[in-house]
Amino acid sequence: MELAWYALLGLFFATYLVLGGYDYGVGLLLARRGPAPGSRATLTALGPFFLGNEVWLVAAVGILFGAFPRLEGELLSGFYPAVLAALAGVVLVTAGVQLRSRPASAKARARWDRVVVVGCVLAALGWGALLAGLLQGVPLSADGHVVGVGHLATPFVAAAGLSLLALVAVHGATFLTLRLPTAEAPALARLASGLVPAALVAVASATVLGLLSDRVRAAVARPAVAVLLPLALVAALLTARAALRRGRAGAAFAATATALALPVPLVGAALWPRILVSTADPAASLTVAEAAASRPTLVLLGWLALPLLPALLGFQAMCWWVFRGRIDGRAPVYW
């Protein structure tokens, strides 16, 4: 039962990173100066999907609160700088996107664009730091609580945050190659392809720092799975770049989506059956079973959540079907 809920939590959060990832990637592109895409066209391309994508985060947080209350408490107390940054970023992005159309002046809209960019940076860095902090282990006290937040101030955590930032930038640019008018697609494909080397460097840096970190090596229960993560990310990014160069926007988007989805299940699998690994004494680590609510509670939540997943999947599929294609009404080249 605990494994099923753990997998469901991972599914919801990974889906949020994929869908919310292109939100943040598109938002980051508002900082770009030069010719098209303009802010208005960029946000118009994103508009139909924006709020629906955030629902997956709400669902993931609901599962965390209901099915894993102890883990939720430790994440909020021991990872609060990362969680606060991520949630503040989500709020800033939502507010900025909604409010930038209100002012009449271009200067006011530019200020809201900067708010969106800051929010996207905070969200990407925060979620990346959270995943990296879990992977490198945490200082647990004798009563099983995370001590302080100093474990987040490591080169590995910083590099992982920058890696996720680079990944969402590539993902957002690739998304726009599917949505903006056909005339702008080649320039966007070049932009997305040009961001791939930066993402590869970020992933390589995080990988090297992880291999050099005693904390990471001690926390990981399955080193083969942990090594698979950077290899899979590199493969996905190279696949995306090759597809972009051939003008296959759909294949490129599938590759960047895979790159953003992979960290969640692979981090979970690398730590299993533990979720909070003690850096002082691995035997005192918090396991998934210990972090979960009681079995009757999980069964009750299961009946409540049973219609949730198909409803979310159906809504997402409907949204993508209704608003498929480019904003100029033309269909993109998928494969």
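Quick notes on this one:
- Checked against the criterion of being over 30 Å from residue 283 (Cα atoms), open to solvent by less than 40 Å² (accessible area, probe 1.4 Å) and out of contact with any Gly (no Cβ under 9 Å at 6 or more places or on another chain), the stretch 120-132 has no qualifying residue.
- Selected residue (only one of 257, 189, 221, 291 is open to solvent by less than 10 Å² (accessible area, probe 1.4 Å) and either under 30 Å from residue 142 (Cα atoms) or in contact (Cβ under 8 Å) with a residue 12 or more places away in the chain (or both)): 291
- The stretch 79-94 residues that are free of Cβ contacts under 8 Å to residues at least 12 places away in the same chain and of a type in the set (Gly, Ala, Ser), paired with ones that are assigned to a helix (DSSP H, G or I) and open to solvent by 40 Å² or more (accessible area, probe 1.4 Å) (beta carbon under 9 Å, 6 or more apart): none
- A single member of 256, 239, 279 is modelled with pLDDT under 90 and of a type in the set (Ser, Thr, Tyr), and it is 279.
- Condition check for residue 41: out of contact with any helix residue (DSSP H, G or I) (no Cβ under 7 Å at 6 or more places or on another chain) and either surrounded by fewer than 19 Cβ atoms within 10 Å (Cβ to Cβ) or farther than 30 Å from residue 294 by Cβ (or both): yes
- All positions within the stretch 176-185 that are in contact (Cβ under 8 Å) with a residue 24 or more places away in the chain and part of a helix (DSSP H, G or I): 176, 177, 178, 179, 182, 184, 185
- Every test in (1) free of Cβ contacts under 8 Å to residues at least 40 places away in the same chain; (2) open to solvent by 10 Å² or more (accessible area, probe 1.4 Å); (3) more than 21 Å from the chain's Cα centre (by Cα) is passed by residue 243 save one, and that test is (2).
- Residue among 34, 78, 52, 73 that alone is under 23 Å from residue 249 (Cα atoms), open to solvent by less than 50 Å² (accessible area, probe 1.4 Å), among the small types (Gly, Ala, Ser) and modelled with pLDDT under 90: 52
- Among the residues listed as 114, 102, the single one being touching a residue at least 60 places away in the same chain (Cβ under 8 Å) and either surrounded by fewer than 24 Cβ atoms within 10 Å (Cβ to Cβ) or among the aromatic types (Phe, Trp, Tyr) (or both): 114
- Residue within the stretch 260-282 that is farther than 30 Å from residue 4 by Cβ and surrounded by 19 or more Cβ atoms within 10 Å (Cβ to Cβ) present: no
- Subset of the stretch 145-186 [buried (at least 21 other Cβ atoms within 10 Å of the Cβ), touching a Phe, Trp or Tyr at 6+ places or on another chain (Cβ under 8 Å), β-branched (Val, Ile, Thr) and within 30 Å of residue 214 (Cα to Cα)]: 146, 168
- Where helices (runs of 4 or more DSSP H) sit wholly within the stretch 47-152, those with at least 1 residues that are under 30 Å from residue 296 (Cα atoms) and over 16 Å from the mean Cα position of the chain (by Cα) occupy 69-78, 80-99.
- Selection status of residue 163, hydroxyl-bearing (Ser, Thr, Tyr), within 22 Å of residue 79 (Cα to Cα) and assigned to a helix (DSSP H, G or I): yes
The values are calculated or read from the model by the stated rules, or taken from the named source; none is laboratory data. For clarity, every value in this text was computed on a predicted model and none was experimentally measured. Cβ coordinates were reconstructed from backbone atoms using ideal geometry, including for glycine residues, and neighbour counts include every protein chain displayed. For accessibility, only protein heavy atoms count, side chains too; no ligands or nucleic acids. Shrake-Rupley method; radii C 1.70, N 1.55, O 1.52, S 1.80 Å.
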